[in-house]
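In what follows, a single structure is set out as structure tokens and then discussed.
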Amino acid sequence: MARTNPIIRHTEPRAWIGCLACYNDGDLVGQWYDAEECDEVTPAQLHGHATDHEELWVMDHEGIPIQGEMDPMTAAQWGRVFASVPEHQREALFAWVRSGSYVAEGEGDFPSLEVFEDVYEGEWCSWREYADHMLEEGGLLEGVSDEVRRYIDYDQWSRDLLMDYTVEHAEDGGVIVFRNL
Ligand SMILES: [Zn+2]
């Protein structure tokens, strides 16, 4: 019954809803829906005719950053979570959850958008670019002469800084940076 994607990528959240009774009879009856619509799908819609089959189940999905099957309500909730952040931040939110070091809200797996806003540091060409930015921004080099700057171990600095961050690959080749709490 496991039809999960081995690689979970950020795409529009969609879910494949199937009928469990049909599945148990060896029949795959189902189709893809936008995640947000998943809690509105009825068994009759899914079968294309009236049916006494009742239980619908998400057997596959994409654009939802957790592995495994789920009920249609949960898929719809994931859809709403992503719809509620601006489009340009959705890949970052996805990456944050996928990283596993995200902060969940309440009892479910859903991310706290408040914390996301707080810890999201943007997308950068590389971790090193971000670390360099922090070095300048933090004023650590203020008043330090070029002479001395040459002796600073920037690689070590950026490695040490990394301890306090979560860095995920972005799809365009850069990195997405989050502060750890
Ligand atoms: Zn059925």
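Compute the distance from the alpha-carbon center of the range 139-170 to that of the range 18-70, in whole Å. Centre-to-centre distance over Cα atoms comes out at 50 Å. Restricting the calculation to Cα atoms, the range 83-165 shows an Rg/Rh of 1.10 when the hydrodynamic-style radius is the Kirkwood one. Converting phi to 3J(HN,Hα) with the Karplus coefficients 6.51, -1.76 and 1.60 and the offset θ = phi - 60°, the range 36-51 yields 4, 8, 4, 7, 9, 6, 9, x, 5, 4, 5, 8, x, 6, 4, 8 Hz in sequence order, with x at every glycine or proline.
Helix content alone sets the calculated 222 nm mean residue ellipticity of the chain: runs of n ≥ 4 DSSP H residues at -39500 (n - 2.57) each, divided across all residues, give -9500 deg cm²/dmol.
When restricted to Cα atoms, the chain yields an Rg and a Dmax of 21.8, 80 Å, respectively.
Neighbours of Asp39, meaning other residues whose beta-carbon lies under 12 angstrom from its beta-carbon, give a summed charge of -4 when Lys and Arg score +1 and Asp and Glu score -1. When the chain is modelled as a GNM with alpha-carbon springs shorter than 10 Å, which of Ile152, Ile66, Ile17 fluctuates the most? Result for the chain, Cα springs under 10 Å: Ile152 fluctuates most. When exposed loop sites are taken as GluC sites (Glu not before Pro) in a DSSP loop with at most 10 other Cβ atoms within 10 Å, the longest stretch of the chain clear of them is 1-53. Note the angle between two axes, namely the Cα long axis of helix 90-99 and the longest principal axis of the Cα atoms of the chain, as a number of degrees from 0 to 90, rounded to the nearest 10. Approximately 90 degrees, to the nearest ten. Relative to the longest principal axis of the Cα atoms of the chain, helix 127-137 runs at roughly 50 degrees. The spread of Cα positions in the range 43-141, taken along each principal axis and listed from longest to shortest, comes to 71, 26, 22 Å. For the range 123-181, the Cα-based Rg and Dmax, in that order, read 12.7, 38 Å.
Every number in this text was worked out from the coordinates using simple rules, so none of it is lab data. Just so it is clear, the structure is predicted and the values come from calculations on it, not from any experiment. Using ideal geometry, Cβ is built from the backbone for each residue, glycine included, and neighbour counts are taken over all protein chains shown.
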